[in-house]
Amino acid sequence: MGHTSLEKLIRLQKKTSNIRNICILAHVDHGKTTLADCLVASNGIISTRLAGKMRYLDSREDEQIRGITMKSSAISLHFTSGESEYLINLIDSPGHVDFSSEVSTAVRLCDGAIVVVDAVEGVCPQTQAVLRQAWLENIRPVLVINKIDRLIVELKLSPQEAYTHLQKILEQVNAVTGALFTSKVLEERAVKEAELEGAVPEGEVPELSGGEQVYDWSAGLEETDDSHLYFSPDQGNVVFASAFDSWGFRCAHCVIPLQTHNHTHTITHTHKISSKGKKPLFVQLVLDNIWSLYDAVVTRRDKEKVEKIVASLGLKVMARDLRHSDPKVLLSAICSQWLPLSQAVLSMVCERLPSPSEMSAERVEKLMSVGTRRFDSLPEKTQQLTQAFLDCVSEDSAPVIVFVSKMFAVDSKALPQNKQRPLTQEELAQRRELARQRHAERQATSQIAEDPDSASAGDADALCAQTEALSVKPAEEEEEKKEHFIAFARVYSGVVRRGQRVFVLGPKYDPALTLRTHPRYLSLSCSVSPSLPHSLCLSLSRFLSPSLCCCVAAISAGIGGMEDFILKSATVSTSPACPPFTPLNFEATPIVRVAIEPKHPSEMPKLVHGMRLLNQADPCAEVLIQETGEHVLVTAGEVHLQRCLDDLRERFAKIEISASKPIIPFRETIIRPPKVDMVNEDLGRQQKVAVIHQAKEEQSKYPEGPQVDSGGLVNLTTPNKMATIGVRAVPLPEEATRLLEGSAELIRTMEQFSLFAREGKTLEISQKTLEQIQEFRTRLEGHLQGWKWRNAVERIWAFGPRRCGPNILLNGVEGYQRPSVWQCLEREKEKPEAATLRDFDNSIVSGFQLATLSGPMCEEPLMGVCFSVESWEMKLAPQFTQQDSVEEETASRQGSENKSESGGSNESRWRGDVTDCYGPFSGQLIAAMKEACRHAFQAKPQRLMAAMYTCEIMATAEVLGRVYGVLSKREGRVLNEEMKEGTDMFIIRAVLPVAESFGFADEMRKRTSGLASPQLVFSHWEVISSDPFWVPTTEEEYLHFGEKADSANQALKYMNAVRKRKGLYVEEKIVEHAEKQRTLGKNK
């Protein structure tokens, strides 16, 4: 197919049913970009000979050097099938785990996906991740099994063995899809059963009829038809291909007359004859022929047989291809005509993937249901916008609904309006005339230089004009170097035009509030910002298309002029009733941090400006300023970090920068007292008593400090002796910690509800969210079992840090009743309690938040710790009570000005009254609570928690020992190892500390000569077993570790490194065993 004009692509936009928005998803190095090259070559954009070698959609220099895709790129293609013409908007996404955020931005804009799987490696971790992302976004996938030529050339399998191998790969992919479907069905069934159980006592019988419509299909797995979800060649949603050799086919294109009435998910039962000992038809009619072609062209290079094959297939092969020394050139020339890959893939896309007008109502409701709100609870005008989604109408009367998934930076020269266009004949004639005039002026100037006396005033004016033109050029060049941002967007409804007035809806925008306060859509709140699109462009590959006057529904396009209104992603609409779309699902968590500073301090403003641009251009990168004033860049991994630093140096800041060593995050926790020492000897009672006596001796040195008893209870008095707090620290069970960490969003919703309740307001929470909170409460009660956790869930005071973290504050104060954190479930009024205690309730919570935000070991956040307030005594002096009655009016005025979130005006009154030489009493109470928590934490065995990566490595048997050597050197732990069936590849799964992961991939490739490459994904937090404060005490420990305990204490090493970075005191010896130096002269 030849090159398609832009006018034709614009004309195809108007027929929504013939538009396909697709993306290519796969594991790294499975052939996505090579496949994209073949599809691009079908439109005449690049040569078919360069397909697979040029990597056209990898437009960055570092992408070409590394050989991996780092940024998702889009392009519009034209495809003709019979009499129908299709417009295919294709997005090529990265496969490396560090850039999985680019996959999320691509999937949101598409209606279908091409999942590519390597025929040798099979289903890999990122394959499962992209299938899960496609499932969460409700888009339909099709499958391409790529690199089948490796089965012939590398593994040297027979056609029958290859058939079995392909069958297993299909089973693996379908197993992932089946697991996702099963979990969804069971979840829907549990939700419906809970709704039915809850509907009976409440008497909500009329709602049952509406629920039955959704409940019919999810009544059970046996009653559900899932045939359309799986990949099967007989359904036409599987292509077998070799993108590098430019061939691919579907079984629907093969001449196989047999059909089966049995429903299967693999090719086993579809193409198999019943005679015993015979080959399946798929092997006889398809694989045998491909194997024969490879044998004749690549293996034996039999010219006679090749000529027979070419003649029998009726192909025309050029003489230079037949004479070429590389057999792959001849093979590609034959296969590209016999089994064209682009024809097979694009026809499958057009037949099996939906058009934008076929979007399901379920996906629309999921997109519009933000946070804890259900679609049913949205305003009526908002729900009416669903029809605009489903109709996908490209009319001016339809509301414009656009979702911007990311902002990407482009140079000014790459903008469509700055590109050179072909000149007409009239313009060429004008250019020639101007050139003649300039030539005549230059000759006149040279004559003036030879004879200065003859210079006239007119010539002087001409010289001044030339000087002004030269002075303007630097300013123009400066403008050309400026970075511009294009919004990568999908139009779901309406028509977007240049200069059109739209509203940018942020993630916290509430359409219900706007419709109540501004029913006529007049002056809107500040969360809705008007914006004017400056430019529109169609294809977003290496080159942007010329500017468009409008962009209709169902199209993915680039929108200019939005960089001042959108940071990373946003919803854009002409209707304020439109809600913001649900946030993108990011698989990778940004965890790698570095501090950045310019080499020349005077260039700090350029660095700040460059980091702001980088933060906007990368959907996953985060930029923040720490309390120390450091500018910190947070990325998803080592490769992602290197790319961000290169962009900062070369594109955004354009200065020399220096980056610190990676800032490794840790967590601090406590554990139960160990029963054995470091040499696995039982700790006797004498050792425990000795430890208690040592703690009491330390307390006697500071009699006014905190008092710690043998059970770990810490009593601390405020400096003015007016309040005493008793706090005890207890380690949370591991399951409860994981539950709290995964339920941060629910805890944040509960905290927001409590805040609204204290202010006398009500927060509407959907029934589904209430059920999730109830389930969270039930699971937490199940994890906190035993006599010491009796009624612990009911006594929860707060969560921390930041009011939603994995630590708990318990209310153990006798006689103190306070509102429960579970008010959203109970819906009860606050019980009366002592006003004195309620006055400073928020001070206790604030002290707990500060204590959990930075622990005593190395000022890192706490995790898995429960602080129980056992006692809280207040001794307010009488003069303060009298002073309160005298200065009531002043105190109330101060309270209204300084009212806090939960303390109310009473607490502010005490802050103004109870002030002495030690400062406000509330501040003293916050500091006392913080110190009490820190001392209670130190009274228990302290441990560090390290961030852990899950590492999956594919390696051959020859380098297996080297892989284990690198893992053991970096404190890694192997979980399991299994051999991939039909290959000599081993899959090794291990966990690796993030602190030891830097340079791990490079070292692994060097040690194994490139035969093993790891994939690192953040997994969990793990307690480091060694005690950072341990010193040998028993005789066995002295014998085992030596007097100085010379063996490396990993936890101590990590803790000291963090303390050094933060400028804290580190107890270490600078010189050990110093000796007097003796020179050679004295030895004579």
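The values are calculated or read from the model by the stated rules, or taken from the named source; none is laboratory data. Everything quoted here is computed from the prediction, not taken from an experiment. Here Cβ is always computed from backbone atoms with ideal geometry, including for glycine, and neighbour counts include all displayed protein chains. We work out accessible area using only protein heavy atoms, side chains counted, and drop any ligands, DNA or RNA first. Shrake-Rupley method; radii C 1.70, N 1.55, O 1.52, S 1.80 Å.
Put the Cα centre of the stretch 551-611 next to the Cα centre of the stretch 976-1001 and the gap is 34 Å. Of the trypsin sites (Lys or Arg not before Pro) found in the stretch 951-1006, not one falls in a DSSP loop while having at most 13 other beta-carbon atoms within 10 Å.
Under a 5 Å amide H cut-off, with hydrogens placed 1.01 Å from N, V502 pairs with S531 among residues at least 5 apart or on other chains.
Calculate, in nm to one decimal, what E154 and E380 gain on full extension: separation in residues at 0.36 nm each, minus their alpha carbon distance.
Details: separation 226, 0.36 × 226 = 81.36 nm, distance 6.11 nm.
Fully extending the segment from E154 to E380 adds 75.2 nm.
Across the stretch 21-38, coupling constants 3J(HN,Hα) worked out from phi with the 6.51/-1.76/1.60 Karplus curve, θ = phi - 60°, read 9, 10, 9, 9, 10, 5, 6, 5, 6, 9, x, 5, 5, 5, 4, 4, 4, 5 Hz, and Gly and Pro carry x.
For V869, the accessible area of its heavy atoms, probed at 1.4 Å with every protein chain present, is near 0 square angstrom. Only Lys, Arg, Asp and Glu carry charge here, each on its Cβ (+1 for the first two, -1 for the last two); on that basis the stretch 559-618 has a dipole of about 120 debye about its Cα centre.
So between S17 and E365, what do we pick up on full extension, going 0.36 nm a residue minus the alpha carbon distance?
Between S17 and E365, full extension yields 123.1 nm more.
If you take the Cα centroid of the stretch 921-943 and the Cα centroid of the stretch 134-192, the two points sit 54 Å apart.
Per-residue Karplus couplings for the stretch 597-602, computed as 6.51 cos²θ - 1.76 cosθ + 1.60 with θ equal to phi - 60°, are listed in order as 8, x, 5, 10, x, 5 Hz, Gly and Pro entered as x.
Check which residues have an amide H placed less than 5 Å from V400's amide H, if you skip close sequence neighbours. Under 5 Å from the amide H of V400 lie the amide H atoms of T574, S575, each far enough along the sequence or on another chain. Checked against a 27 Å cut-off, the cross-linked pairs K675/K1069; K168/K969; K53/K1006; K14/K184 give Cα-Cα distances beyond that limit for K675/K1069; K168/K969; K14/K184. In a fully extended conformation the segment linking D321 and S81 would gain 83.5 nm over its present Cα-Cα distance, using 0.36 nm per residue.
Starting from the stretch 709-778, pick out the GluC sites (Glu not before Pro) whose DSSP state is loop and whose Cβ has at most 15 other Cβ atoms within 10 Å.
Passing both the DSSP loop test and the Cβ count: E759, E764.
Among the listed pairs K147/K980; K788/K930; K721/K930, a Cα-Cα separation exceeding 20 Å is found for K788/K930.
Note on K1053 and Q64: with the Förster distance fixed at 41 Å, the Cβ-Cβ geometry gives a FRET efficiency of about 0.55. Accessible surface comparison of L155, L170, probe 1.4 Å, protein chains only, largest first: the order is L155, L170. Annotation: K381 carries an accessible surface of approximately 100 Å², with a 1.4 Å probe and no ligand, DNA or RNA atoms counted. Restriction of the trypsin sites (Lys or Arg not before Pro) in the stretch 590-673 to DSSP coil positions whose beta-carbon has at most 16 other beta-carbons within 10 angstrom yields K599, K654.
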